[in-house]
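What follows is one structure encoded as C-alpha coordinates, with my remarks underneath.
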Amino acid sequence: MKKGGTLFFCQSCGYESAKWSGQCPACREWNTFAEEPAAPKQKGAPAGRRRTGERKSPVSLEHIESKNQERISTGMAELDQVLGGGIVPGSLVLVGGDPGIGKSTLLLQVCRNLAERLSGVLYISGEESLQQIKLRASRIGTFQDSLRLLCETNLADIEAVVLQEGPQVVIIDSIQTMYQEEISSAPGSVSQVREATGVLMRLAKEQNITIFIVGHVTKEGTVAGPRVLEHMVDTVLYFEGDRHASYRILRGVKNRFGSTNEIGVFEMLDTGLREVPNPSEYMLSGKPEGASGSVVVCTMEGTRPMLLEVQALVCRTNFGLPRRTAAGIDYNRVSLLMAVLEKRLNLPLSGFDAYVNVAGGIRLNEPAMDLALVLAVISSYKDIPVPEKTIVFGEVGLSGEVRAVSMAQQRVQEAKRLGFSRVILPKSSMEQVKNIKGIELVGAATVKDALRVVAG
Ligand code: TYD
Ligand code: MG
(Lines give C-alpha, C1' and ligand atoms only; values in the text may rest on other atoms or scores of the structure.)
(Ligands and ions follow the chains in the order given, each with its own letter.)
Protein backbone atom coordinates (compact mmCIF):
# COMPACT_ATOMS: atom_id res chain seq x y z
CA MET A 1 0.00 0.00 0.00
CA LYS A 2 1.37 3.36 -0.88
CA LYS A 3 1.83 5.98 1.74
CA GLY A 4 -1.21 8.13 2.49
CA GLY A 5 -3.33 5.94 0.23
CA THR A 6 -6.88 4.78 0.68
CA LEU A 7 -8.38 1.45 1.48
CA PHE A 8 -11.82 -0.05 0.99
CA PHE A 9 -13.72 -1.12 4.08
CA CYS A 10 -16.85 -3.22 4.29
CA GLN A 11 -19.23 -1.03 6.28
CA SER A 12 -21.07 -4.06 7.56
CA CYS A 13 -18.30 -6.21 9.02
CA GLY A 14 -15.19 -4.05 8.75
CA TYR A 15 -13.37 -6.24 6.19
CA GLU A 16 -10.45 -4.35 4.68
CA SER A 17 -9.33 -4.62 1.09
CA ALA A 18 -7.01 -2.80 -1.31
CA LYS A 19 -9.57 -2.79 -4.09
CA TRP A 20 -13.30 -2.32 -4.38
CA SER A 21 -15.60 -5.25 -4.90
CA GLY A 22 -19.35 -5.61 -5.17
CA GLN A 23 -19.74 -8.30 -2.54
CA CYS A 24 -17.81 -8.50 0.68
CA PRO A 25 -15.87 -11.78 0.72
CA ALA A 26 -16.16 -11.98 4.52
CA CYS A 27 -19.82 -11.29 5.33
CA ARG A 28 -21.29 -11.72 1.81
CA GLU A 29 -23.20 -8.44 1.97
CA TRP A 30 -23.55 -6.55 -1.30
CA ASN A 31 -22.55 -2.94 -1.99
CA THR A 32 -21.01 -2.36 1.40
CA PHE A 33 -17.54 -1.26 0.32
CA ALA A 34 -16.61 2.37 0.86
CA GLU A 35 -13.31 4.08 0.28
CA GLU A 36 -11.60 5.56 3.31
CA PRO A 37 -8.21 7.05 3.93
CA ALA A 38 -5.99 4.39 5.42
CA ALA A 39 -5.50 4.91 9.15
CA PRO A 40 -2.13 6.54 9.85
CA LYS A 41 0.44 4.06 11.05
CA GLN A 42 0.62 4.42 14.79
CA LYS A 43 3.74 4.13 16.79
CA GLY A 44 3.44 1.42 19.41
CA ALA A 45 0.17 -0.10 20.49
CA PRO A 46 -3.15 1.15 19.11
CA ALA A 47 -5.21 3.64 21.11
CA GLY A 48 -7.11 1.98 23.91
CA ARG A 49 -4.25 -0.41 24.53
CA ARG A 50 -1.44 2.05 25.08
CA ARG A 51 0.96 0.89 27.74
CA THR A 52 0.67 2.47 31.11
CA GLY A 53 3.10 1.82 33.94
CA GLU A 54 5.54 -1.05 34.24
CA ARG A 55 5.41 -4.47 32.60
CA LYS A 56 3.07 -7.00 34.26
CA SER A 57 3.99 -10.56 35.14
CA PRO A 58 1.67 -13.58 34.88
CA VAL A 59 -0.07 -14.95 37.98
CA SER A 60 -1.80 -18.24 38.75
CA LEU A 61 -5.55 -18.39 39.24
CA GLU A 62 -5.46 -18.96 42.98
CA HIS A 63 -3.55 -15.74 43.54
CA ILE A 64 -6.25 -13.68 41.93
CA GLU A 65 -8.62 -12.18 44.44
CA SER A 66 -12.19 -13.05 43.58
CA LYS A 67 -14.37 -10.05 43.87
CA ASN A 68 -18.10 -10.37 43.95
CA GLN A 69 -19.08 -8.44 40.87
CA GLU A 70 -21.52 -5.79 42.00
CA ARG A 71 -24.40 -5.12 39.69
CA ILE A 72 -26.57 -2.07 39.41
CA SER A 73 -30.19 -2.63 38.49
CA THR A 74 -31.44 -0.54 35.58
CA GLY A 75 -34.90 -0.42 37.09
CA MET A 76 -36.25 -2.44 34.16
CA ALA A 77 -36.45 -6.14 34.91
CA GLU A 78 -36.50 -7.09 31.25
CA LEU A 79 -33.28 -5.21 30.56
CA ASP A 80 -31.61 -6.52 33.71
CA GLN A 81 -32.35 -10.05 32.58
CA VAL A 82 -30.72 -9.49 29.19
CA LEU A 83 -27.69 -7.91 30.83
CA GLY A 84 -27.38 -10.88 33.18
CA GLY A 85 -28.65 -9.17 36.34
CA GLY A 86 -27.93 -5.47 35.89
CA ILE A 87 -25.08 -3.33 34.66
CA VAL A 88 -21.49 -4.07 35.63
CA PRO A 89 -19.29 -1.07 36.49
CA GLY A 90 -16.50 -0.61 33.98
CA SER A 91 -18.26 -2.37 31.12
CA LEU A 92 -18.95 -1.24 27.59
CA VAL A 93 -22.39 -2.13 26.26
CA LEU A 94 -23.35 -1.78 22.61
CA VAL A 95 -27.04 -1.29 21.83
CA GLY A 96 -27.66 -1.84 18.13
CA GLY A 97 -30.81 -1.62 16.06
CA ASP A 98 -32.50 -0.06 13.07
CA PRO A 99 -32.95 3.71 13.11
CA GLY A 100 -36.22 4.68 14.79
CA ILE A 101 -36.66 1.40 16.65
CA GLY A 102 -36.41 3.06 20.08
CA LYS A 103 -32.78 2.89 21.19
CA SER A 104 -32.63 6.50 22.35
CA THR A 105 -35.95 6.11 24.14
CA LEU A 106 -34.81 2.97 25.93
CA LEU A 107 -31.55 4.52 27.06
CA LEU A 108 -33.19 7.72 28.19
CA GLN A 109 -35.53 5.64 30.35
CA VAL A 110 -32.56 3.73 31.71
CA CYS A 111 -30.95 7.09 32.51
CA ARG A 112 -34.03 8.21 34.37
CA ASN A 113 -34.09 5.04 36.50
CA LEU A 114 -30.35 5.12 37.15
CA ALA A 115 -30.37 8.81 38.05
CA GLU A 116 -32.62 7.91 40.98
CA ARG A 117 -29.96 5.72 42.56
CA LEU A 118 -26.66 7.01 41.19
CA SER A 119 -25.11 10.42 41.67
CA GLY A 120 -23.88 10.93 38.13
CA VAL A 121 -25.40 9.87 34.81
CA LEU A 122 -24.29 11.56 31.60
CA TYR A 123 -26.24 11.33 28.35
CA ILE A 124 -24.22 12.47 25.36
CA SER A 125 -26.10 12.92 22.13
CA GLY A 126 -24.56 13.61 18.75
CA GLU A 127 -27.87 13.37 16.94
CA GLU A 128 -30.40 15.48 18.75
CA SER A 129 -30.39 18.96 20.21
CA LEU A 130 -31.04 19.52 23.91
CA GLN A 131 -34.55 20.75 23.08
CA GLN A 132 -35.32 17.57 21.17
CA ILE A 133 -34.13 15.45 24.07
CA LYS A 134 -36.24 17.50 26.44
CA LEU A 135 -39.27 16.92 24.24
CA ARG A 136 -38.69 13.19 24.39
CA ALA A 137 -38.02 13.30 28.11
CA SER A 138 -41.28 15.11 28.76
CA ARG A 139 -43.14 12.15 27.23
CA ILE A 140 -41.31 9.69 29.43
CA GLY A 141 -41.71 11.29 32.84
CA THR A 142 -39.86 13.27 35.47
CA PHE A 143 -36.11 13.24 35.79
CA GLN A 144 -33.66 13.76 38.66
CA ASP A 145 -30.99 16.42 38.53
CA SER A 146 -28.23 13.82 38.65
CA LEU A 147 -28.89 13.17 34.96
CA ARG A 148 -26.88 15.60 32.86
CA LEU A 149 -27.12 16.04 29.13
CA LEU A 150 -24.53 17.07 26.59
CA CYS A 151 -24.63 17.59 22.84
CA GLU A 152 -21.17 16.84 21.52
CA THR A 153 -19.54 14.83 18.76
CA ASN A 154 -15.84 15.48 19.32
CA LEU A 155 -14.45 12.56 21.23
CA ALA A 156 -11.55 14.42 22.80
CA ASP A 157 -13.99 16.92 24.30
CA ILE A 158 -16.25 14.12 25.48
CA GLU A 159 -13.33 12.45 27.20
CA ALA A 160 -12.41 15.70 28.93
CA VAL A 161 -16.00 16.23 30.13
CA VAL A 162 -16.27 12.67 31.43
CA LEU A 163 -13.00 13.00 33.34
CA GLN A 164 -14.14 16.29 34.82
CA GLU A 165 -17.69 15.26 35.76
CA GLY A 166 -16.86 11.73 36.91
CA PRO A 167 -20.24 10.08 36.15
CA GLN A 168 -20.92 6.41 36.91
CA VAL A 169 -22.86 5.78 33.73
CA VAL A 170 -22.36 7.40 30.31
CA ILE A 171 -24.56 7.01 27.21
CA ILE A 172 -23.10 7.73 23.77
CA ASP A 173 -25.89 8.25 21.25
CA SER A 174 -24.70 7.28 18.62
CA ILE A 175 -21.19 6.03 17.93
CA GLN A 176 -21.60 6.82 14.22
CA THR A 177 -21.76 10.56 14.91
CA MET A 178 -18.58 10.67 17.01
CA TYR A 179 -15.25 11.64 15.51
CA GLN A 180 -11.63 12.09 16.39
CA GLU A 181 -9.73 14.93 14.81
CA GLU A 182 -6.57 12.89 14.21
CA ILE A 183 -8.39 10.55 11.85
CA SER A 184 -9.02 12.00 8.44
CA SER A 185 -12.04 9.90 7.43
CA ALA A 186 -15.62 11.05 7.98
CA PRO A 187 -17.65 10.29 11.12
CA GLY A 188 -19.40 6.95 10.75
CA SER A 189 -16.58 5.36 8.74
CA VAL A 190 -15.08 2.11 9.89
CA SER A 191 -11.84 3.66 11.12
CA GLN A 192 -13.58 6.46 13.06
CA VAL A 193 -16.07 4.12 14.67
CA ARG A 194 -13.38 1.63 15.65
CA GLU A 195 -11.01 4.20 17.07
CA ALA A 196 -13.79 5.93 18.99
CA THR A 197 -14.83 2.62 20.53
CA GLY A 198 -11.23 1.93 21.50
CA VAL A 199 -11.05 5.24 23.31
CA LEU A 200 -14.36 4.62 25.09
CA MET A 201 -13.28 1.14 26.09
CA ARG A 202 -10.15 2.50 27.73
CA LEU A 203 -12.19 5.22 29.45
CA ALA A 204 -14.68 2.66 30.80
CA LYS A 205 -11.97 0.36 32.18
CA GLU A 206 -9.71 3.06 33.62
CA GLN A 207 -12.46 5.13 35.25
CA ASN A 208 -14.71 2.17 36.12
CA ILE A 209 -17.64 3.73 34.28
CA THR A 210 -20.38 1.81 32.51
CA ILE A 211 -20.68 3.14 28.99
CA PHE A 212 -23.61 2.40 26.69
CA ILE A 213 -22.96 2.93 22.99
CA VAL A 214 -25.79 3.26 20.50
CA GLY A 215 -25.06 1.86 17.04
CA HIS A 216 -27.44 2.16 14.12
CA VAL A 217 -27.80 -0.80 11.82
CA THR A 218 -27.72 0.61 8.33
CA LYS A 219 -28.48 -0.92 5.02
CA GLU A 220 -26.62 1.43 2.70
CA GLY A 221 -22.86 1.32 2.75
CA THR A 222 -22.01 4.82 3.93
CA VAL A 223 -22.14 4.31 7.69
CA ALA A 224 -20.34 1.52 9.51
CA GLY A 225 -22.70 -0.86 11.27
CA PRO A 226 -22.44 -2.07 14.86
CA ARG A 227 -21.12 -5.45 13.73
CA VAL A 228 -17.76 -3.79 13.18
CA LEU A 229 -17.57 -3.24 16.95
CA GLU A 230 -18.99 -6.47 18.28
CA HIS A 231 -15.62 -7.99 19.08
CA MET A 232 -14.41 -4.91 20.98
CA VAL A 233 -17.19 -4.40 23.51
CA ASP A 234 -18.22 -6.44 26.56
CA THR A 235 -21.89 -6.80 25.82
CA VAL A 236 -23.86 -6.55 22.59
CA LEU A 237 -27.62 -6.06 22.65
CA TYR A 238 -29.82 -5.73 19.59
CA PHE A 239 -33.13 -4.00 19.65
CA GLU A 240 -35.43 -5.60 17.11
CA GLY A 241 -39.00 -5.55 16.03
CA ASP A 242 -41.25 -4.47 13.26
CA ARG A 243 -41.30 -0.71 13.22
CA HIS A 244 -45.00 -0.81 12.46
CA ALA A 245 -45.86 -3.14 15.32
CA SER A 246 -45.65 -1.78 18.83
CA TYR A 247 -43.63 -4.45 20.57
CA ARG A 248 -39.83 -4.55 20.59
CA ILE A 249 -37.42 -7.31 21.50
CA LEU A 250 -34.08 -6.70 23.10
CA ARG A 251 -31.75 -9.58 22.40
CA GLY A 252 -28.35 -10.26 23.90
CA VAL A 253 -25.90 -11.66 21.35
CA LYS A 254 -22.70 -11.33 23.34
CA ASN A 255 -22.24 -10.93 27.06
CA ARG A 256 -19.02 -11.22 29.00
CA PHE A 257 -20.95 -11.03 32.26
CA GLY A 258 -23.94 -13.27 31.67
CA SER A 259 -25.64 -15.67 29.33
CA THR A 260 -26.54 -14.72 25.79
CA ASN A 261 -29.75 -15.37 23.94
CA GLU A 262 -31.81 -13.90 26.72
CA ILE A 263 -34.49 -11.59 25.48
CA GLY A 264 -36.46 -8.73 26.92
CA VAL A 265 -39.81 -7.74 25.50
CA PHE A 266 -41.06 -4.17 25.45
CA GLU A 267 -44.02 -2.34 24.04
CA MET A 268 -43.68 1.14 22.57
CA LEU A 269 -46.38 3.43 23.93
CA ASP A 270 -46.79 7.17 23.55
CA THR A 271 -45.18 7.51 26.97
CA GLY A 272 -42.09 5.51 26.12
CA LEU A 273 -41.31 1.82 26.40
CA ARG A 274 -43.27 -0.44 28.71
CA GLU A 275 -42.01 -3.83 29.81
CA VAL A 276 -44.03 -6.88 28.77
CA PRO A 277 -43.45 -9.53 31.43
CA ASN A 278 -45.83 -12.07 29.83
CA PRO A 279 -44.94 -12.07 26.15
CA SER A 280 -46.85 -15.28 25.35
CA GLU A 281 -50.21 -13.75 26.21
CA TYR A 282 -49.30 -10.69 24.24
CA MET A 283 -48.19 -12.62 21.15
CA LEU A 284 -51.29 -14.81 21.07
CA SER A 285 -53.76 -12.02 21.66
CA GLY A 286 -54.90 -11.77 18.02
CA LYS A 287 -55.06 -15.47 17.20
CA PRO A 288 -58.08 -16.38 15.08
CA GLU A 289 -60.36 -19.12 16.43
CA GLY A 290 -61.12 -22.19 14.36
CA ALA A 291 -59.08 -21.08 11.36
CA SER A 292 -57.14 -23.65 9.37
CA GLY A 293 -53.41 -23.25 8.95
CA SER A 294 -52.83 -21.75 12.38
CA VAL A 295 -50.79 -23.62 14.99
CA VAL A 296 -49.35 -22.47 18.32
CA VAL A 297 -45.76 -23.42 19.01
CA CYS A 298 -43.68 -23.07 22.14
CA THR A 299 -40.17 -21.82 21.44
CA MET A 300 -37.38 -21.06 23.85
CA GLU A 301 -35.67 -17.69 23.80
CA GLY A 302 -32.69 -18.38 26.00
CA THR A 303 -34.20 -19.77 29.18
CA ARG A 304 -37.56 -18.24 28.52
CA PRO A 305 -40.44 -20.08 26.91
CA MET A 306 -42.61 -18.13 24.53
CA LEU A 307 -45.76 -19.15 22.72
CA LEU A 308 -46.14 -17.98 19.15
CA GLU A 309 -48.54 -18.61 16.34
CA VAL A 310 -47.28 -20.13 13.09
CA GLN A 311 -49.56 -19.56 10.11
CA ALA A 312 -49.57 -21.19 6.70
CA LEU A 313 -51.64 -20.58 3.61
CA VAL A 314 -51.49 -23.26 0.94
CA CYS A 315 -53.32 -22.82 -2.33
CA ARG A 316 -53.13 -24.21 -5.84
CA THR A 317 -50.45 -22.63 -7.96
CA ASN A 318 -51.34 -20.79 -11.14
CA PHE A 319 -47.99 -21.26 -12.78
CA GLY A 320 -45.84 -24.30 -13.24
CA LEU A 321 -43.49 -23.18 -10.52
CA PRO A 322 -44.99 -22.98 -7.02
CA ARG A 323 -44.40 -19.80 -5.03
CA ARG A 324 -43.12 -20.09 -1.48
CA THR A 325 -42.62 -17.27 0.94
CA ALA A 326 -41.52 -17.39 4.54
CA ALA A 327 -41.72 -14.51 7.00
CA GLY A 328 -40.02 -15.03 10.34
CA ILE A 329 -38.81 -18.52 9.39
CA ASP A 330 -35.88 -19.59 7.27
CA TYR A 331 -37.07 -20.01 3.69
CA ASN A 332 -34.90 -23.05 3.09
CA ARG A 333 -36.32 -24.74 6.14
CA VAL A 334 -39.84 -24.26 4.75
CA SER A 335 -38.82 -25.78 1.41
CA LEU A 336 -37.13 -28.68 3.15
CA LEU A 337 -40.11 -29.47 5.37
CA MET A 338 -42.49 -29.28 2.44
CA ALA A 339 -40.29 -31.72 0.56
CA VAL A 340 -40.47 -34.07 3.55
CA LEU A 341 -44.28 -33.86 3.46
CA GLU A 342 -44.32 -34.52 -0.26
CA LYS A 343 -42.17 -37.60 0.04
CA ARG A 344 -43.25 -39.11 3.36
CA LEU A 345 -46.97 -38.28 3.41
CA ASN A 346 -47.48 -38.30 -0.36
CA LEU A 347 -48.98 -34.82 -0.36
CA PRO A 348 -48.77 -33.27 -3.85
CA LEU A 349 -47.42 -29.98 -2.52
CA SER A 350 -45.31 -29.23 -5.57
CA GLY A 351 -48.50 -28.08 -7.26
CA PHE A 352 -49.31 -25.64 -4.47
CA ASP A 353 -48.12 -22.22 -3.39
CA ALA A 354 -47.30 -21.87 0.29
CA TYR A 355 -47.05 -18.72 2.36
CA VAL A 356 -45.73 -19.19 5.86
CA ASN A 357 -45.65 -16.54 8.53
CA VAL A 358 -44.88 -16.24 12.22
CA ALA A 359 -47.53 -13.92 13.59
CA GLY A 360 -46.23 -10.85 15.35
CA GLY A 361 -43.15 -10.40 13.19
CA ILE A 362 -40.78 -12.40 15.40
CA ARG A 363 -37.98 -14.41 13.81
CA LEU A 364 -37.90 -18.05 14.76
CA ASN A 365 -34.85 -20.11 14.09
CA GLU A 366 -35.26 -22.98 16.44
CA PRO A 367 -35.75 -26.52 15.13
CA ALA A 368 -38.56 -27.03 17.66
CA MET A 369 -40.92 -25.12 15.42
CA ASP A 370 -40.65 -27.70 12.61
CA LEU A 371 -43.59 -29.79 13.75
CA ALA A 372 -45.82 -26.73 14.12
CA LEU A 373 -44.90 -25.57 10.65
CA VAL A 374 -45.60 -28.98 9.17
CA LEU A 375 -49.00 -29.18 10.88
CA ALA A 376 -49.88 -25.65 9.81
CA VAL A 377 -49.12 -26.51 6.18
CA ILE A 378 -51.16 -29.72 6.32
CA SER A 379 -54.00 -27.98 8.13
CA SER A 380 -54.19 -25.30 5.48
CA TYR A 381 -53.80 -27.80 2.63
CA LYS A 382 -56.68 -29.94 3.91
CA ASP A 383 -58.55 -26.93 5.25
CA ILE A 384 -59.09 -28.62 8.61
CA PRO A 385 -58.39 -26.43 11.66
CA VAL A 386 -56.02 -27.77 14.30
CA PRO A 387 -58.08 -28.27 17.51
CA GLU A 388 -58.15 -25.29 19.86
CA LYS A 389 -56.03 -25.21 23.02
CA THR A 390 -53.38 -27.42 21.44
CA ILE A 391 -49.73 -26.56 21.29
CA VAL A 392 -47.09 -28.31 19.26
CA PHE A 393 -43.33 -28.53 19.29
CA GLY A 394 -40.65 -30.88 17.94
CA GLU A 395 -37.94 -31.11 15.34
CA VAL A 396 -38.75 -32.93 12.10
CA GLY A 397 -36.06 -35.01 10.41
CA LEU A 398 -35.71 -35.86 6.77
CA SER A 399 -37.44 -39.22 7.06
CA GLY A 400 -40.46 -37.64 8.68
CA GLU A 401 -39.48 -38.61 12.20
CA VAL A 402 -40.11 -36.26 15.13
CA ARG A 403 -36.96 -35.68 17.12
CA ALA A 404 -36.46 -34.59 20.70
CA VAL A 405 -35.87 -30.94 21.57
CA SER A 406 -34.32 -29.37 24.64
CA MET A 407 -36.20 -28.01 27.65
CA ALA A 408 -39.44 -29.87 27.00
CA GLN A 409 -40.43 -29.38 30.62
CA GLN A 410 -40.35 -25.59 30.52
CA ARG A 411 -42.31 -25.57 27.29
CA VAL A 412 -45.07 -27.77 28.69
CA GLN A 413 -45.23 -25.70 31.89
CA GLU A 414 -45.69 -22.52 29.88
CA ALA A 415 -48.49 -24.10 27.83
CA LYS A 416 -50.19 -25.21 31.06
CA ARG A 417 -49.81 -21.78 32.60
CA LEU A 418 -51.59 -20.18 29.69
CA GLY A 419 -54.50 -22.58 29.84
CA PHE A 420 -53.73 -24.93 26.96
CA SER A 421 -55.19 -28.41 27.36
CA ARG A 422 -53.07 -30.51 25.02
CA VAL A 423 -49.43 -30.66 23.98
CA ILE A 424 -48.12 -32.63 21.02
CA LEU A 425 -44.43 -33.26 21.54
CA PRO A 426 -41.71 -35.67 20.42
CA LYS A 427 -42.20 -39.15 21.83
CA SER A 428 -38.59 -39.21 22.99
CA SER A 429 -39.21 -36.10 25.13
CA MET A 430 -42.12 -37.72 26.99
CA GLU A 431 -39.81 -39.10 29.69
CA GLN A 432 -38.82 -35.57 30.75
CA VAL A 433 -42.38 -34.37 31.22
CA LYS A 434 -44.12 -37.43 32.62
CA ASN A 435 -44.52 -35.82 36.04
CA ILE A 436 -46.49 -32.83 34.81
CA LYS A 437 -50.17 -33.32 35.59
CA GLY A 438 -53.25 -31.47 34.47
CA ILE A 439 -52.51 -31.28 30.78
CA GLU A 440 -52.86 -33.93 28.08
CA LEU A 441 -49.50 -34.94 26.66
CA VAL A 442 -49.30 -36.71 23.33
CA GLY A 443 -46.00 -38.14 22.14
CA ALA A 444 -45.47 -38.35 18.39
CA ALA A 445 -42.70 -40.43 16.86
CA THR A 446 -43.39 -39.41 13.27
CA VAL A 447 -45.23 -36.65 11.46
CA LYS A 448 -47.95 -39.21 10.66
CA ASP A 449 -48.55 -39.77 14.39
CA ALA A 450 -48.90 -36.06 14.98
CA LEU A 451 -51.29 -35.76 12.08
CA ARG A 452 -53.46 -38.56 13.42
CA VAL A 453 -53.80 -36.79 16.74
CA VAL A 454 -54.77 -33.52 15.13
CA ALA A 455 -57.17 -34.92 12.55
CA GLY A 456 -58.67 -37.58 14.83
P1 TYD B 1 -35.99 6.56 19.04
O2 TYD B 1 -35.71 6.18 20.43
O3 TYD B 1 -35.73 7.95 18.62
O4 TYD B 1 -35.26 5.57 18.02
P5 TYD B 1 -33.72 5.39 17.73
O6 TYD B 1 -32.94 6.13 18.76
O7 TYD B 1 -33.55 3.90 17.79
O8 TYD B 1 -33.49 5.89 16.36
O9 TYD B 1 -37.51 6.17 18.78
C10 TYD B 1 -38.23 6.82 17.85
C11 TYD B 1 -39.59 6.23 17.64
O12 TYD B 1 -40.28 5.92 18.82
C13 TYD B 1 -40.38 7.27 16.93
O14 TYD B 1 -40.93 6.67 15.77
C15 TYD B 1 -41.41 7.71 17.90
C16 TYD B 1 -41.53 6.56 18.83
N17 TYD B 1 -41.87 6.96 20.21
C18 TYD B 1 -43.08 6.57 20.75
O19 TYD B 1 -43.89 5.92 20.10
N20 TYD B 1 -43.37 6.91 22.06
C21 TYD B 1 -42.51 7.63 22.84
O22 TYD B 1 -42.81 7.91 24.00
C23 TYD B 1 -41.27 8.04 22.27
C24 TYD B 1 -40.28 8.84 23.06
C25 TYD B 1 -40.97 7.66 20.96
MG1 MG C 1 -31.81 7.85 18.44
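The values are calculated or read from the model by the stated rules, or taken from the named source; none is laboratory data. Since this is a predicted model, take the numbers as computed values, not measurements. Cβ sites come from the backbone with ideal geometry, for glycine too, and all protein chains shown count toward neighbours. Heavy atoms of the whole protein, side chains included, go into the accessibility calculation; ligands, DNA and RNA do not. Shrake-Rupley method; radii C 1.70, N 1.55, O 1.52, S 1.80 Å.
Below, the figures for the structure above:
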read-out: Solution diffusion estimate, µm²/s, Stokes-Einstein, region 368-456, Kirkwood Rh from C-alpha pairs, 10 °C, viscosity 1.306 mPa s; value: 123 µm²/s
read-out: Centroid-to-centroid separation of region 127-192 and region 278-349 [C-alpha atoms, Å]; value: 44 Å
read-out: Assigned charges on the beta-carbon of Lys, Arg, Asp, Glu; the chain dipole about Cα centre (debye); value: 1000 debye
read-out: Partnerless Cys - the chain, beta-carbon criterion under 4.7 Å; value: Cys111, Cys151, Cys298, Cys315
read-out: Sulfur and carbon atoms: percent of accessible area, the chain [1.4 Å]; value: 50 percent
read-out: Alpha carbon convex hull of region 93-178, projected area averaged over orientations, nm²; value: 5.4 nm²
read-out: Taking N as its residue count, the alpha carbon Rg of the chain over 2.2 N^0.38 Å; value: 1.13
read-out: DSSP beta bridges in the chain [antiparallel fraction, %, rounded to 5]; value: 50 percent
read-out: Exposed-site-free run, longest, the chain (rule: chymotrypsin sites (Phe, Trp or Tyr not before Pro); DSSP loop; at most 16 other C-beta within 10 Å); value: 21-256
read-out: GluC sites (Glu not before Pro) restricted to region 261-359 and DSSP loop, no more than 11 other C-beta within 10 Å; value: Glu289
read-out: Residue-averaged 222 nm ellipticity for the chain, from DSSP H runs of 4+ at -39500 (n - 2.57), nearest 500; value: -7500 deg cm²/dmol
read-out: Note, ³J(HN,Hα) from phi for region 251-260, Karplus 6.51, -1.76, 1.60, rounded to Hz, x at Gly and Pro; value: 10, x, 10, 8, 8, 6, 10, x, 7, 9
read-out: Close Lys-Lys pairs in region 364-456, where close means Cα under 14 Å and separation is 8 or more or interchain; value: 4
read-out: For region 123-164, average projected area of the Cα convex hull in nm²; value: 3.2 nm²
read-out: 0 to 90° range, to nearest 10: angle between helix 408-417 axis and the chain longest Cα axis; value: 80 degrees
read-out: FRET efficiency estimate (nearest 0.05) - Cβ-Cβ, Val59 to Ser184, R0 41 angstrom; value: 0.50
read-out: With 5 Å bins from 0: P(r) over region 305-447, alpha-carbon pairs, percent; value: 2, 10, 20, 22, 21, 13, 7, 3, 1, 0, 0
